[in-house]
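The values are calculated or read from the model by the stated rules, or taken from the named source; none is laboratory data. Keep in mind it's a predicted model, so treat the numbers as computed, not measured. Note that we place each Cβ from the backbone using ideal geometry, even for glycine, and neighbour counts take in every protein chain shown.
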Amino acid sequence: MSPSPTRTVDTPGRSRGLPPQQRAHRNSIFVEDGKLLSQQEYPGRQFVIRVQAPKCAAAAVPGSFAHLTCDPQLPMRRPLSLMRVDAQAGWIEILYKIVGPGLAALSQQPVGATLSVLGPIGHGFITHRERPRTLLVGGGVGIPPMVFLAESLRARRAEASWQPLVLMGSEIEFPFRARPSQILVPGMPNEAIACMPLLDDWGIASRLASFGDFPGCFHGYVTDLAATWLASLDAPALSEVEMFACGPTPMLQATARVARRFGVPCQVSLEEFMACAVGGCAGCAVPVVQPDGSLAMKRVCVDGPVFDANAVFPPAAA
């Protein structure tokens, strides 16, 4: 089946007459029929799929996501973070874990199946050249945006001396075959030697944390591993650090606390239930602290999913 013509989507509330900053997603979210190129299963009911979706791939940024149909018989889409994209080849890659009937149906789709792709959606991470020591923290299905961001920094090394370090946490087996890292990371506990092979091959340092007693992993929370590494840095080094995180809410709250403890800026990508994913239903709205100290309800789908950690997890709440 050949792909249908690509359509753009105007998100509700971003109609004519609104100021430009409130029309940020106008003509930037695409609907296209994507072809399932591959589907690989990993322990823990985890899957990595690759989908031909050239419009989404061309416009995606680290931290954005796609809204996918899982089966022709299921009308509701599922929001899934992008783990890798190749704009030239026109594919997107997604890691998901079966947590309900929708993703269970997606896991049964054969290679060659057509999946409707709505995306890319959302504001992504913003990096700053003056803080090249990027500390990326991913937990569970929050790992994919960290891989996307790491690959983006790798591609941009000519413009700045990025030094990404990716820390991943999981209580089930990781969705890849871990191996001892070939990259030395000063300040890491001696037992923390396992890495994600893909990142290691890219020359990007990574380490794994879990309570699952997996070989080479730090025994504990990934945020504790992050704090251990940060504690090894002196003041000049800390002034070059910026944190980025995605994962379950408790992990993100802990990440915000760690960032405040060491005085480093932090951006977090929130995970919320979404129905429309384009801002119309407001079912994913969360309270966000504004610059003047007031609270405003923001939609995670189109106003996020990336926010400043202190805005969504202020000191009193985190």
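Okay, here's what the table says:
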{"item": "Hits in segment 174-218 - residues which are over 17 Å from PHE148 (Cα atoms) and among the aromatic types (Phe, Trp, Tyr)", "result": "PHE211, PHE214, PHE218"}
{"item": "Extreme residue, farthest from GLY122 (Cα to Cα), among residues of segment 233-292 that are polar (S, T, N, Q) and in contact with a strand residue (DSSP E or B) (Cβ under 8 Å, 6 or more places away or on another chain)", "result": "THR255"}
{"item": "Any hit, segment 181-192, residues being of a type outside the set (Asp, Glu), within 19 Å of the chain's Cα centre (by Cα) and surrounded by 15 or more Cβ atoms within 10 Å (Cβ to Cβ)", "result": "no"}
{"item": "From the options GLU130, GLU159, residue that is over 26 Å from SER232 (Cα atoms) and acidic (Asp, Glu)", "result": "GLU159"}
{"item": "Residue match in segment 208-225 (condition: of a type outside the set (Val, Ile, Thr), part of a helix (DSSP H, G or I) and in the same structural domain as PRO189 (by TED's automatic domain parsing))", "result": "yes"}
{"item": "Whichever residue in segment 88-121 is touching a residue at least 12 places away in the same chain (Cβ under 8 Å), among the polar types (S, T, N, Q) and in a loop (DSSP other than H, G, I, E, B) and, among such residues, is nearest to CYS284 (Cα to Cα)", "result": "SER107"}
{"item": "Segment 286-310 residues that are in the same structural domain as PHE273 (by TED's automatic domain parsing), paired with ones that are acidic (Asp, Glu) (beta carbon under 7 Å, 6 or more apart)", "result": "VAL286/GLU272; VAL300/GLU272"}
{"item": "Members of segment 125-163 that are of a type outside the set (Val, Ile, Thr), surrounded by 23 or more Cβ atoms within 10 Å (Cβ to Cβ) and under 17 Å from ASP308 (Cα atoms)", "result": "PHE125, LEU135, LEU136, GLY138, GLY142, PRO145, MET146, LEU149"}
{"item": "All positions within segment 85-98 that are under 26 Å from ILE172 (Cα atoms) and surrounded by fewer than 21 Cβ atoms within 10 Å (Cβ to Cβ)", "result": "GLU93, LYS97, ILE98"}
{"item": "Contacts under 8 angstrom Cβ, first residue in segment 231-248 being among the β-branched types (Val, Ile, Thr), partner surrounded by 14 or more Cβ atoms within 10 Å (Cβ to Cβ) and in a helix (DSSP H, G or I), 6 or more apart", "result": "VAL241/LEU230; VAL241/PHE262"}
{"item": "Residue match in segment 213-228 (condition: surrounded by fewer than 17 Cβ atoms within 10 Å (Cβ to Cβ), touching a His at 6+ places or on another chain (Cβ under 8 Å) and over 30 Å from GLY102 (Cα atoms))", "result": "yes"}
{"item": "Subset of segment 27-71 that is small (Gly, Ala, Ser) and touching a helix residue (DSSP H, G or I) at 6+ places or on another chain (Cβ under 9 Å) - its residue that is surrounded by the fewest Cβ atoms within 10 Å (Cβ to Cβ)", "result": "SER28"}
{"item": "Segment 232-284 - residue that is β-branched (Val, Ile, Thr) and within 30 Å of PRO75 (Cβ to Cβ) and, of those, surrounded by the most Cβ atoms within 10 Å (Cβ to Cβ)", "result": "VAL278"}
